[in-house]
Amino acid sequence: MQRGKGMKFVGDSRVTENKKPNIPKDYSEYPGKTEAFWPNYLLKEWMVGAVFLIGFLCLTVAHQPPLEKVADPGDTAYIPLPDWYFLFLYQLLKYSYASGPYNVVGALVIPGLAFGALLLAPFIDRGPERKPTKRPLATGFMLLAVAAITYLTWEAVDNHDWEAAAEQGKIVAEAEIDTTAEGYQIFEVNGCISCHGNQLEGTAAAPSLIDTGLTPEEIADIAKNGTESGKMPAGLFSGTDDELAKMSEFLSSIESK
């Protein structure tokens, strides 16, 4: 009798099917891929994510975020700084070929080409190899992107004036300034407002004059001879000695609320 002739197969519903859940398929040709995605692999991902989330929350509790004073739209001397993950784009816009009349190139064209290349990399190089050395296009795109972002971020941090940034965003005390006082009028006429602010709150170019703790004589000396650091040069005050004395007396009396 030939094979298969006269043989019949009968199904019996009373025999239960022996199912083994979460048994991964045989991926022996792909070592390391024999683990079930649900729940084994996904559970590990969640656990790693939870560890990083808890660590980040502990970091935010231990180190309070820096706060700056209330934003002033009229402060043209304020130098903004984006968050760290945008520093490379911030640095790119400083170069002559990507700023000014070429601002569109730095803001849209170059970032568009870079991110477009990263998005197209998986479609351009569709090889089955998993080793980076055998995926030259995808690996090259990624290494070039990482190198460019790292370099531009480093340049942005290295070239930024952090002292001026800390000074311009410092939360200063407020005080009630009598703008009709003679000392204030002398202060205004000599152009001191342009650096110290019309409320003596200070700017990025000069510190606040509220609660200085200086005597009138010390203030007069600084106004006339400048500071040792050179941030305030000598000879900026052009009034008389009597006006200098009145202005110094006024500034030394300014106290916060």
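The values are calculated or read from the model by the stated rules, or taken from the named source; none is laboratory data. On a predicted model such as this, the values are computed, not experimentally measured, just so you know. All Cβ positions, even for glycine, are placed from backbone atoms using ideal geometry, and neighbour counts span all protein chains on display.
From the residues in segment 107-160 that are aromatic (Phe, Trp, Tyr) and over 15 Å from residue 88 (Cβ atoms), which one is surrounded by the most Cβ atoms within 10 Å (Cβ to Cβ)? Here the residue is 141.
So that you can scan it fast, the table gives a plain yes or no per residue for (1) of a type outside the set (Phe, Trp, Tyr); (2) without any contact (Cβ under 8 Å) to a residue 40 or more places away in the chain:
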| position | (1), (2) |
| --- | --- |
| 84 | no, no |
| 92 | yes, no |
| 96 | yes, yes |
| 111 | yes, yes |
| 122 | yes, yes |
| 126 | yes, yes |
| 140 | yes, yes |
| 152 | yes, no |
| 164 | yes, no |
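The residues in segment 161-173 that are in contact with a Phe, Trp or Tyr (Cβ under 9 Å, 6 or more places away or on another chain) and either part of a loop (DSSP other than H, G, I, E, B) or over 16 Å from residue 193 (Cα atoms) (or both) can be counted, and the count is 1. Filtering segment 221-252 to residues that are more than 21 Å from residue 175 (Cα to Cα), assigned to a helix (DSSP H, G or I) and acidic (Asp, Glu) leaves 221, 241, 242, 243.
When residue 78 is tested against (1) over 17 Å from residue 164 (Cα atoms); (2) aromatic (Phe, Trp, Tyr); (3) surrounded by 11 or more Cβ atoms within 10 Å (Cβ to Cβ), just one condition goes unmet, and that condition is (1). Can you name the number of the only condition in (1) within 30 Å of residue 81 (Cα to Cα); (2) modelled with pLDDT of 85 or more; (3) surrounded by fewer than 15 Cβ atoms within 10 Å (Cβ to Cβ); (4) not acidic (Asp, Glu) that residue 227 fails? Only one criterion in (1) within 30 Å of residue 81 (Cα to Cα); (2) modelled with pLDDT of 85 or more; (3) surrounded by fewer than 15 Cβ atoms within 10 Å (Cβ to Cβ); (4) not acidic (Asp, Glu) is unmet by residue 227, namely (2). With the condition kept exactly as written, say whether any residue in segment 166-185 is under 28 Å from the mean Cα position of the chain (by Cα) and free of Cβ contacts under 8 Å to residues at least 24 places away in the same chain. Yes, segment 166-185 has at least one match. Residue count for segment 134-187 satisfying the condition of being of a type in the set (Val, Ile, Thr) and closer than 29 Å to residue 111 by Cα: 6. Scan segment 180-197 for residues that are in a loop (DSSP other than H, G, I, E, B) and modelled with pLDDT of 80 or more and the total you get is 5. Of all the listed residues (176, 218, 155), the sole one being modelled with pLDDT under 80 and either outside any helix (DSSP H, G or I) or acidic (Asp, Glu) (or both) is 176.
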